[in-house]
1. Please compute the length gained on full extension between Asp125 and Gln158, using 0.36 nm multiplied by the number of residues separating them and subtracting their Cα-Cα distance.
2. Please work out the FRET efficiency for the pair Arg87 and Leu166, using the Cβ-Cβ distance as r and a Förster radius of 30 Å; give the result to the nearest 0.05.
3. For the range 73-200, what does the relative contact order come out to in percent, with C-alpha contacts under 8 Å and a separation of six or more?
Amino acid sequence: MKQLIPGAVCLLLGVMAAAGAGTDAGATNSPVPQKRPANAARVMHHSPKRQPVDRSTTVGVVATNGAKAKKNGTGPIVYSDALRRYRHERHSRDWWKRSYAVIVFAGGGYYYWDAGYWFPAWGYDPTYDYYDYDGPIYTYGNLLPDQVILNVQRALQQLGYYAGALTGSLGLSSRQALASYQQDAGLAVTGAIDAPTVESLGLE
């Protein structure tokens, strides 16, 4: 019996030693979580969403500018206002130059430009002082008054309202053709070249 005790003790010590070795091996194979350093950079994956484009600001600016232009009178005015602005007066060349920046020669006389219309400049040059039509002529596309008249005559001729020659002069037959067309088109009958008539004829 005394001989078995030392052998049992040795066997028990051997089993404990083997168990301790197994534990160390398992600890070596399993990684221990490491604590993240405080100053480590953090990587984030972010997919930004597409932001809608706000176009209200641009549209508002354009609309506001357009409204101001009409209100301040910088754009073309209506024909009735053009008649009221017309200076049916005879002045010297120097007076016309001081009063209006744009004066041109067309047809048989000189015209001054004001608010989208051409007007006869009476007295600018007594040598060239003839006008078939004594009133405002609406213009577009930087055209001279005789060029505008010529385009209107051609359009009225193609529509069967005007049978005369293409002269670029707004005589009686041209004004009668204009009045007939304006009446049939439901426009204000002025017998003159105004913005609604030009637009209705498809010239602008």
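1. On the way: separation 33, 0.36 × 33 = 11.88 nm, distance 3.57 nm.
Extra length from Asp125 to Gln158 when fully extended: 8.3 nm.
2. On the way: r = 29 Å, r/R0 = 0.98.
With a Förster radius of 30 Å, E is 0.55.
3. Working: 193 pairs, mean separation 25.1, N = 128.
Computed over the range 73-200, the figure is 20 percent.
Every read-out reported here was derived from the displayed coordinates using simple, explicitly stated rules and does not represent laboratory data. Not measured: the values here are computed from a predicted model. Methodologically, a virtual Cβ is constructed for each residue, glycine included, from the backbone with ideal geometry; neighbour enumeration extends over all protein chains shown.
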